[in-house]
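Q: Take this structure, written in structure tokens, and hold onto it; I'll ask about it next.
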Amino acid sequence: MPELPEVETVRDGLDRLVVGAVVRDVEVFRDYSVRRHEGGPAGFADQLRGRRLVAAARRGKYLWLPLAEPVGTGAAEDATLLAHLGMSGQLLVRDPAVVGDWSHPHLRVRLHLDGAPSGARYLDFVDQRTFGHLSVTDLVPTPDGAPGGRGSELAAVPEPVAHIGRDLLDPAFDATAAVAAIRRRRTGIKRALLDQTLLSGVGNIYADEALWRARLHFARATDRLRPIEVRRVLDAATQVMTEALAQGGTSFDDLYVNVNGESGYFARGLAVYGREGEPCPRCGTPARRDVFTNRSSFTCPVCQPRPRSGRW
DNA sequence: TTCCGCACCTGCCGGC
DNA sequence: TGCCGGCAGGTGCGGA
């Protein structure tokens, strides 16, 4: 599933392979994939045709490509192509001269490109489970005046991204403020980690891994955790996502690949996620799976003892 | 205001 | 062999 390291891997690929390209044409094969674009599929295509992709930026799991006119190649304008990969979305950079008449059963949107630095002609949005989406949206200023996200120098973010917090790999991320915000909540620590308004980019996989590294059970109440414990789990999340990024992200199957269609290798680096019954790498106790907020959570019952009065 | 549960969506897999 | 239900899970909305 694409979480922060996977989305950052895709962003880096787009930065190298398609930034500078002009969108010659747009094909929307599945209207639902542009459901968040206010003008519908036709408006989505109209707003992209003839525009130049001037950067590849990211905050948390949101990815965007600021747009400019093709002539007068100045700074980005006030609009951007915004993407969220959801559970299974992929952005694939394709050159038909290399891959032939490539298609995919889950191809939802295709951008035809001219002038990409890689020579690629297609930017394909492939999405099996269709939780992902694309839109063209306005850029709005960041409240703190710092760049909106990794890969962009603009102090602006897409309007739908304005409400989410900065992510742990963002140089402008304020860990002290995040610790305080989490402790003000009256919920479980995993719920807080997954709340994208507090901090962005952490999903189910890395939340479980960070909690295991920090030796905290997912149901520990945020308002009863000491600041140092919250800080410990944030540091662990930063560490595990940095390691995953170095290995191209986590791939369990072909639902996550980079822009070239290649898998990441971090799945083998996971300590507990998806390893029910397998020995904890620290103490050897079989990992446990619980259903928490309608999804699986994996813990070591010894390293991460369940609290007497936790918040499920 | 804050927190929580659920719907959205598709394909795979196991059970019958 | 075919059908059906469960499961995967990020996000946003509505209800408590």
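Bear in mind that the values in this text are calculations on the coordinates, not laboratory data. None of these values were measured; they are calculated from a predicted model. For neighbour counting, all protein chains shown are included, and Cβ atoms are generated from backbone atoms with ideal geometry for every residue, glycine included.
Q: Would you mind calculating the relative contact order of chain A from Cα pairs under 8 angstrom and at least 6 residues apart, reporting the percent as a whole number? Please report the intermediate quantities before stating the final value.
A: Numbers: 715 pairs, mean separation 55.9, N = 312.
Relative contact order of chain A: 18 percent.
Q: Here is a further query. Would you mind computing the Rg to Rh ratio of chain A from its alpha-carbon coordinates, Kirkwood style for Rh? Present the calculation step by step, with values, prior to reporting the outcome.
A: Working: Rg = 20.2 Å, Rh = 20.2 Å.
Taking Rh as the inverse mean 1/r over Cα pairs, Rg/Rh reads 1.00.
Q: Net charge near A:Ala42: determine it from the other residues with C-beta under 12 Å of the C-beta of A:Ala42, scoring Lys and Arg +1 and Asp and Glu -1.
A: Values: positive: A:Arg49; negative: A:Glu27, A:Asp31, A:Glu38, A:Asp46.
That works out to -3.
Q: Ok, one more. Taking 0.36 nm per residue of separation and subtracting the Cα-Cα distance, what length does fully extending A:Phe131 through A:Arg224 add?
A: Length gained, A:Phe131 through A:Arg224: 30.0 nm.
Q: Measure off 7 Å from each Cα along the Cα-to-Cβ vector at A:Arg186 and A:Ser296, then give the distance between these two points in nanometres to one decimal.
A: Once both label points are built, they end up 3.4 nm from each other.
Q: Compute the separation of the alpha-carbon centres of segment A:1-42 and segment A:250-290 and state it in Å as a whole number.
A: 27
Q: Based on a Kirkwood Rh over C-alpha pairs, give the Stokes-Einstein translational diffusion coefficient of segment A:34-158 at 37 °C and viscosity 0.692 mPa s in µm²/s. Walk me through the numbers before you get to the answer.
A: Numbers: Rh = 15.2 Å.
Estimated via Stokes-Einstein, D reaches 216 µm²/s.
Q: Where does the longest stretch of chain A lie that holds no trypsin sites (Lys or Arg not before Pro) found in a DSSP loop with 12 or fewer other Cβ atoms within 10 Å?
A: Longest stretch, sites excluded: A:1-128.
Q: With a cap of 15 neighbouring Cβ atoms within 10 Å, and only residues DSSP puts in a loop, list the GluC sites (Glu not before Pro) found in segment A:146-236. Show your work: numbers first, answer last.
A: Working: sites: A:Glu153, A:Glu209, A:Glu229; in loops: A:Glu153.
Qualifying residues, ordered by number: A:Glu153.
Q: On a full-extension model of 0.36 nm per residue, what is the gain between A:Arg289 and A:Arg268, subtracting their alpha-carbon distance, rounded to one decimal in nm? Numbers along the way, then the final one.
A: Details: separation 21, 0.36 × 21 = 7.56 nm, distance 1.82 nm.
Difference between extended and current length: 5.7 nm.
Q: Just want the answer: with Cβ charges of +1 for Lys and Arg and -1 for Asp and Glu, which residue in A:Gly86, A:Ala97, A:Ala120 is farthest toward the dipole's positive end in segment A:61-195?
A: Checking the options against the dipole of segment A:61-195, the answer is A:Gly86.
Q: Follow-up question, since we're still on this one. Summing +1 for each Lys or Arg and -1 for each Asp or Glu, what net charge is found among the other residues whose Cβ lies under 15 Å from the Cβ of A:Arg58? Working shown, then result.
A: Values: positive: A:Arg11, A:Arg16, A:Arg59, A:Lys61, A:Arg150, A:Arg166; negative: A:Glu3, A:Glu6, A:Glu8, A:Asp12, A:Asp15, A:Glu153, A:Asp167, A:Asp170.
That works out to -2.
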